[in-house]
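Novice: Pasting a structure here, questions to come.
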Number of protein chains: 2
Amino acid sequence: MNVRVVAYLATVLLATGAAASSDAIFAPDGKLNFPANYREWVFLSSGLDMSYNKLLDMPGHSMFDNVFADPVSYHEFLQTGTWPEGTILVMEARGATGKGSINHRGKFQSGDLMGVEVHTKDTRRFPGGWGFFAFGGEDTQPAQQIPTGADCYACHQQHGAVNTTFVQFYPTLLKIATAKKTLSPNYQP
Amino acid sequence: MNVRVVAYLATVLLATGAAASSDAIFAPDGKLNFPANYREWVFLSSGLDMSYNKLLDMPGHSMFDNVFADPVSYHEFLQTGTWPEGTILVMEARGATGKGSINHRGKFQSGDLMGVEVHTKDTRRFPGGWGFFAFGGEDTQPAQQIPTGADCYACHQQHGAVNTTFVQFYPTLLKIATAKKTLSPNYQP
């Protein structure tokens, strides 16, 4: 093992400390601390301008979303096909740009971070097992839980392919959940 | 540190072994071994249907590309604003789907892996400092280097924002390179 790897492992130790215990990510008042290292977690997938609402259109706005899982829970998913207690999933939204540098077609991600949402599993803390939190843009102040009456809870409960999460949009994990038969009975491809 | 973290670190040790020494990733005949763990490396960005060629159109084909960096080199980039010897960047192409499950608009990544390309820095091995390699779809056989006369070398040399790489399309790294003044003098936003 060389010097570069030792230095990297030291960083990993620091980065995973917070992800490994869900208690550590909550402030005493129940707010969620910003998951500072999520960009170094495991990437699940990205989408462009996705919408679950037939009527909703956002002309002039174009955004990518990138989804990350904390590495400890990701490795448990690979083994079991579902999410363990303490799982933290992060979705970030970034501006999408068409023309820039030498690109002429399609879209790439531009520098603007438009928001960060967290979906975290803690069955003692949340009645449905999972809680949603939203941070705005570059704001890293602790975030209050999104109230459980919000649409996101019911929609994930009803349509999430695995344990109220949208694994149907994460191709590498969908393959694992299918093989391990952990897909929700509600799930429709 | 709990059991989950110890198990994770053991995985990281295995995963980074190959990435830490560029010699280890090459077969004795100079072919590149498939970077088996790249999906657990650090995600840089994704794009949809990008093209650098004004004339090239691919009607009926829609693809995302996801770019990953080996974690050791990524951490060095954070410190220095450029890529160290041994860097391995991986770009994978995946099918893009519009309608599926509850999605009505935009695009998400579907299950099909269409190809994997690697850009790796080894100044003793490659005349221009970097080599390109391409793996097809799910094929993990060692890949031959793309000949240095191919367009990708000249285009990256001429247009890459940092050290012949397209950091202009990786928003979090572009910010670092700008701050550390490591942008190529050729680079035009």
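Novice: What FRET efficiency comes out for the pair A:ASN186/A:SER51, r = Cβ-Cβ distance, R0 = 22 Å, nearest 0.05? Could the numbers behind the result be given before it?
Specialist: On the way: r = 20 Å, r/R0 = 0.92.
That pair, A:ASN186 with A:SER51, gives E of 0.60.
Novice: Each residue of the range A:154-161 in order: what ³J(HN,Hα) in whole Hz does its phi give by Karplus 6.51 cos²θ - 1.76 cosθ + 1.60, θ = phi - 60°, with x for Gly and Pro?
Specialist: These are the phi-based 3J(HN,Hα) values: 5, 5, 5, 4, 7, 10, x, 5 Hz.
Novice: Equivalent ellipsoid semi-axes for the range B:63-154, as square roots of 5 times the alpha carbon gyration tensor eigenvalues: give them largest first, rounded to whole Å.
Specialist: On the way: eigenvalues 174, 62, 24 Å².
After scaling each eigenvalue by five and taking roots: 29, 18, 11 Å.
Novice: May I ask for the net charge around B:MET91, where only other residues with Cβ less than 12 Å from the Cβ of B:MET91 are counted and Lys, Arg are +1 while Asp, Glu are -1? Working shown, then result.
Specialist: Working: positive: B:ARG94; negative: B:ASP65, B:GLU92, B:GLU117.
Surrounding charge for B:MET91 is -2.
Novice: List the aspartates and glutamates whose Cα sits under 16 Å from the Cα of A:LYS121, skipping any in the same chain fewer than 8 residues away.
Specialist: List returned: A:ASP23, A:ASP70, A:GLU76, A:GLU85.
Novice: Give a residue-ordered list of calculated ³J(HN,Hα) values for the range A:72-88 (Karplus: 6.51 cos²θ - 1.76 cosθ + 1.60, θ = phi - 60°; whole Hz; x for Gly, Pro).
Specialist: Values per residue, Gly and Pro as x: 5, 5, 4, 5, 5, 4, 4, 7, 10, x, 8, 8, x, 3, x, 4, 10 Hz.
Novice: Need the list of lysines near A:LYS175 for cross-linking: C-alpha distance under 21 angstrom, and skip anything on the same chain fewer than eight residues off.
Specialist: List returned: B:LYS99, B:LYS107.
Novice: Now a separate question. Roughly how crowded by other chains is peptide B:64-73, in terms of the mean Cβ count from those chains within 10 Å of each of its Cβ atoms? Intermediate values should be presented prior to the final figure.
Specialist: Numbers: counts 8, 3, 4, 1, 1, 0, 2, 7, 9, 2.
Mean number of neighbouring Cβ atoms from other chains: 4.
Novice: At a Förster radius of 35 Å, what calculated FRET efficiency corresponds to the Cβ-Cβ distance of A:ALA179 and A:SER62, to the nearest 0.05?
Specialist: Working: r = 35 Å, r/R0 = 1.00.
Computed FRET efficiency for A:ALA179 and A:SER62 comes out at 0.50.
Novice: Compute the label-point distances linking B:THR178 to its equivalents in the other copies; points lie 7 Å from Cα along Cα→Cβ; give nm, one decimal, shortest first.
Specialist: Computed spacing set for this position: 4.1 nm.
Novice: To continue, here is another question. Placing the label point 7 Å from Cα along the Cα-to-Cβ direction, what are the distances from A:CYS152 to the equivalent spots in the other copies, shortest first, in nm to one decimal?
Specialist: 3.8
Novice: While we're here: Which FRET efficiency, nearest 0.05, do B:ASN33 and A:GLU138 yield, Cβ-Cβ r, R0 35 Å?
Specialist: On the way: r = 39 Å, r/R0 = 1.12.
Once rounded, the FRET efficiency stands at 0.35.
Novice: Name the residues whose placed amide hydrogens come within less than 5 Å of the amide hydrogen of A:THR165, ignoring near sequence neighbours (fewer than 5 apart) on the same chain.
Specialist: Distant-sequence amide H within range of A:THR165: zero hits.
FYI, it's all coordinate maths here, none of it is from the lab. Computed from a predicted structure; not experimentally measured. Glycine gets a Cβ as well: all are built from the backbone with ideal geometry, and neighbour counts include every protein chain shown.
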